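Notes to accompany the following structure.
The values are calculated or read from the model by the stated rules, or taken from the named source; none is laboratory data. Note that the structure is a prediction, hence the values are computed from the model and not measured. Positions of Cβ are backbone-derived with ideal geometry, glycine not excepted, and every protein chain shown enters the neighbour counts. Keep in mind that these areas ignore ligands, DNA and RNA; they rest on the heavy atoms of the full protein, side chains included. Shrake-Rupley method; radii C 1.70, N 1.55, O 1.52, S 1.80 Å.
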Amino acid sequence: GSSDVCSSDLGSGPYPDDNEWSIVGYVSLPIWKGGSNWADKSQKEVAVRKAEQSLELQERGTALAIRSAFFDLSASSTSWELDRERERISRETLELVEDKYSKGTLPLIDLLDAQSSHLNARASAVSAFYTSITDLVNVERETGFLEYLRPAEVVDDFIAEMEKHLREGYK
């Protein structure tokens, strides 16, 4: 019986001692970290290319808007010049008709027609003037330079400079 007591005292039975501990640890190596960095770099390069393309499209859109506004200004300025000339001619015609009417050589209907023609020419000239001013403001807005009150010489210089710039841009 003494051998039974001895073997149970040593803890060599079917169950281990309660004093045994086990420690488990996990080690993670970034094996794919290089691939992840490469993918991040590629993604960032694509984002930069997209941003550059977007900026280029915005620049082209701005240039197109400036050209369009400038051509509108050129057309309205030309219209204003023509309407001023038309108004001058209609005023001279009215003066001649008034003179002939006062001498009794023309009927009243001719005088009324000349007055109507002159008033229409004046209205067209005034309208063309305000259209050209609006177009000038649009050009200034598109170019980022706003100056509302400028002498006619400065406006003419501005238009000439824009024409020169646009001609050089097409070459």
Can you tell me which of V46, V5 is β-branched (V, I, T) and either at pLDDT 85 or above or in contact with a Ser or Thr (Cβ under 8 Å, 6 or more places away or on another chain) (or both)?
V46
Could you tell me which numbered condition R150 fails, if it satisfies all but one of (1) touching a Leu at 6+ places or on another chain (Cβ under 9 Å); (2) at pLDDT 85 or above; (3) closer than 30 Å to S68 by Cβ?
(2)
If the Cβ limit is 6 Å and pairs must be 6+ apart or interchain, which residue in region 77-102 that is under 17 Å from F129 (Cβ atoms) pairs with which residue that is open to solvent by 80 Å² or more (accessible area, probe 1.4 Å) and in a helix (DSSP H, G or I)?
E87/R122
Mind counting the residues in region 51-67 that are open to solvent by less than 60 Å² (accessible area, probe 1.4 Å) and within 24 Å of E161 (Cβ to Cβ)?
4
Counting only residues in region 68-90 that are surrounded by 15 or more Cβ atoms within 10 Å (Cβ to Cβ) and basic (K, R), the one nearest to G144 (Cα to Cα) is identified as R84
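So that you can scan it fast, the table gives a plain yes or no per residue for (1) under 25 Å from the mean Cα position of the chain (by Cα); (2) part of a loop (DSSP other than H, G, I, E, B):
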{"residue": "L96", "(1), (2)": "no, no"}
{"residue": "Y101", "(1), (2)": "no, no"}
{"residue": "T105", "(1), (2)": "no, yes"}
{"residue": "V126", "(1), (2)": "no, no"}
{"residue": "T134", "(1), (2)": "yes, no"}
{"residue": "V139", "(1), (2)": "yes, no"}
{"residue": "E153", "(1), (2)": "no, no"}
